[in-house]
Amino acid sequence: MKITAESASLSSRRWDIVGGVFFDTDAANTGLLAQCPPALASRIGRAKDLKDFSGKKDESLLLYGDADLPSDRFFITGAGAPNDFTLERLRAAAAVVAKKAKACKATTAAFIVPSDAAILPGISGEDRAQAIAEAIILSLYSYDSYKTKDKKPNTVTRFTLLLEDQSQAAQFRKGVASGTIIANAVSHVRALANAPGAEIYPATLADDARTTARACGLKVTIFDRKKIESLGMGGIIAVGSGSQHEPRFIILEHAPRRPQRTIVLVGKGVTFDSGGISIKPSAGMGEMRMDMHGGASVIGTMEAAARLHLPIRIIGLIPAVENMPSGTAVKPGDIVRHYNGMTSEVDNTDAEGRLVLADALGYASNYAPDVIIDLATLTGACVVALGHHATGMMGTDAQTMEALKAAGEKSYERVWQLPLFEEYDKQIKSDVADVKNVGGRWAGAITAGAFLKNFVGAHQWVHLDIAGTSYLEEAYDYIPKGASGVGVRLLIEYMRSLK
Ligand code: BES
Ligand code: MN
Ligand code: ZN
């Protein structure tokens, strides 16, 4: 599917489906109605007169055109009050149209871009186009690699964004280009996270990172178990010791010529989390194939950053392990020594994410980073606290957290800060080691963050707990059920916002 932006008139060609946004206030619809041939405008007016459609949010109107009109179908989505309209509502509207195009097996589709000056004031054409392109691609994603029937492939080959205003065309083309790069990276993350543990285990996750790196010009280094052991990454070795699949440590590097700064991204890459000896209950355990979502998000972010030529040095670190119970598995009561020399007591083998992240966070110091950001499906407690609509954020770097908050609002991959007060440190004190990997019943998301804090040294650091936002039990506008691909849009927006 190719998305293009054109300042062409609706009547310049014939389409299988044309979508547009209709507000509940007449004055805001003049742009759309001006694009419509009179016969279509009067049919929309008729639906309004009959009170079948008023432009309220979540309403829609499907009209059919014969040879007299430039499209077989017109799908108008209600957008509510123009003053309440947001970039996210624009994404939702584009997603509704794209899904309709797919449902009626269209091959050519167009979306009339709302262009009245009063709509989304202050938001550039580039941002609008990026949002629309992302929403189209992401809403058409489905995970069906293993389906042999009932596949629902996308039939649309050309999706045209129709602009009223010629002067915006260049901006829109830029936005479509970056939106396409970003959304394709998000789809890649979803595919990795949705894949079963039998397909994606540490070695195959590393293979994917290698293939991705070659395709988009990233440097890649993979450490195998022996190398991981010789480096003293005891957390990764311990968590991986119960599995037939040996761990890997994946390093990706985006190194532009004169980088403004260095950012290290760390992603939890637990390719399956059974809980280990502290085994999880069987109900829903299959979801834990997605416990490498943070690692996948790092791969996707690096891929998009390289394709967008971001002027920042970015290092991606992914400790990839499978957490399994067996005769060789790490046991409660064991003590591991991490990369930075600190020791931790394994009180519960299901708190494995922090054990592997500890090594990777310590390793991040080697790059003299300006900031370290980790992404991890770390705690069920974070899902209890924030549900599926916000990523938990903790850290030592107030400025980066502020910037991430703003990037989260704009990309709509929102983050919400939890405190890391020093009082919480007491909960992870160990009698026998420097720290313990569980902190008791209360504030589980925070005590996990407090554990990680021990391994970042003096570096600026932000931890993103994506346990709730990475896996959706119910579909949203442009996010299907299953892996959401969260992280890429947030981090790319954050990194592009840096001056
Ligand atoms: N991968 C899980 C966290 C998780 C839970 C992610 C639900 C996504 C959805 C993590 O490794 C884990 O098992 N955490 C434990 C920690 C506990 C033993 C301290 C948890 O949250 O129960
Ligand atoms: Mn676990
Ligand atoms: Zn886990």
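Each Cα pair under 8 Å and six or more residues apart adds its sequence gap; the mean of these over the residue count of segment 181-296 is a relative contact order of 32 percent. Charge tally for P281 (other residues, Cβ to Cβ under 15 Å; Lys, Arg +1; Asp, Glu -1): -2.
Charged neighbours of Y424, selected by a Cβ distance under 15 Å, balance to +2 (K, R count +1; D, E count -1).
If each residue of separation counts as 0.36 nm, what is the full-extension length gain between L62 and E423 once their alpha-carbon separation is subtracted?
Values: separation 361, 0.36 × 361 = 129.96 nm, distance 5.81 nm.
My answer for the length gained is 124.2 nm.
Compute, for the chain, the length of the dipole vector about the Cα centre, with Cβ point charges of +1 (Lys, Arg) and -1 (Asp, Glu) only. Units Debye, rounded to 20.
Details: 55 positive and 55 negative charges, 246 e Å.
Using only the charged Cβ atoms, the result is roughly 1180 debye.
Cα centroid separation, segment 286-327 to segment 206-241: 11 Å.
Distance from the Cα centroid of segment 108-156 to that of segment 185-200 is 21 Å (rounded to whole angstrom). Each residue, I123 and R46, gets one label point 7 Å from its Cα in the Cβ direction; the gap between the two is 3.3 nm.
Applied to segment 167-175, the Karplus parametrisation 6.51 cos²θ - 1.76 cosθ + 1.60 on θ = phi - 60° returns per-residue 3J(HN,Hα) values of 5, 8, 4, 5, 4, 5, 4, 4, x Hz, with x for Gly and Pro. Inter-label distance, K499 to D26: 4.5 nm, where each label sits 7 Å from its Cα along the C-beta direction.
Ranked from highest to lowest mean number of other Cβ atoms within 10 Å per residue, what is the order of the peptides 298-304, 219-225?
Numbers: 298-304: 29.6, 219-225: 16.7.
By packing density, highest mean first, the sequence is 298-304, 219-225.
Taking label points 7 Å from Cα along the Cα-to-Cβ direction, W416 and D84 give a separation of 2.1 nm. If you add up the charges near T271, with Lys and Arg at +1 and Asp and Glu at -1, over every other residue whose beta carbon is less than 9 angstrom from its beta carbon, what do you get? Surrounding charge for T271 is -2. Each residue of segment 74-82 is assigned a 3J(HN,Hα), and the resulting list reads 10, 10, 9, 10, x, 10, x, 6, x Hz, derived from the Karplus form 6.51 cos²θ - 1.76 cosθ + 1.60 (θ = phi - 60°), x at Gly and Pro. The stretch between S282 and D144, if pulled fully straight at 0.36 nm per residue, gains 47.2 nm over its current Cα-Cα span. Backbone amide hydrogens, once placed in the peptide plane, bring G316 within less than 5 Å of L252, E253, H254, L265, excluding anything fewer than 5 places away on its chain.
3J(HN,Hα) along segment 442-454: 8, 6, x, 5, 6, 5, 5, x, 5, 4, 4, 3, 5 Hz, from the Karplus curve 6.51 cos²θ - 1.76 cosθ + 1.60 with θ = phi - 60°, whole Hz, x for Gly and Pro.
Ranking of S145, S178, S365, S139 by neighbouring Cβ atoms within 10 Å, starting from the fewest: S145, S365, S178, S139. Say R0 is 41 Å: what FRET efficiency, to the nearest 0.05, do K174 and V432 get from their beta-carbon distance? Calculated transfer efficiency: 0.10. Peptides 196-205, 318-327 ranked from most to least packed, by the mean per-residue count of other Cβ atoms within 10 Å: 318-327, 196-205. A straight line joining the Cα centroids of segment 64-85 and segment 357-396 runs 43 Å. Relative contact order for segment 2-183: 32 percent, from Cα pairs under 8 Å spaced at least 6 residues apart, divided by residue count.
Tell me, V270, V438 in order of fewest to most beta-carbon neighbours within 10 Å? Kindly include the intermediate steps, with their values, before the conclusion.
Details: V270 32, V438 20.
Ordered from fewest to most neighbouring Cβ atoms within 10 Å, V270, V438 come out as V438, V270.
Under a 5 Å amide H cut-off, with hydrogens placed 1.01 Å from N, W15 pairs with S71, D72 among residues at least 5 apart or on other chains.
Relative contact order, whole percent, for the chain stands at 14, derived from Cα pairs under 8 Å and 6 or more residues apart.
Taken together, the values in this text are just the output of simple stated rules run on the coordinates, not laboratory data. The structure displayed is predicted, hence computed values, not measured ones. Note: ideal-geometry Cβ built from the backbone for every residue, glycine included; neighbour counts use all protein chains shown.
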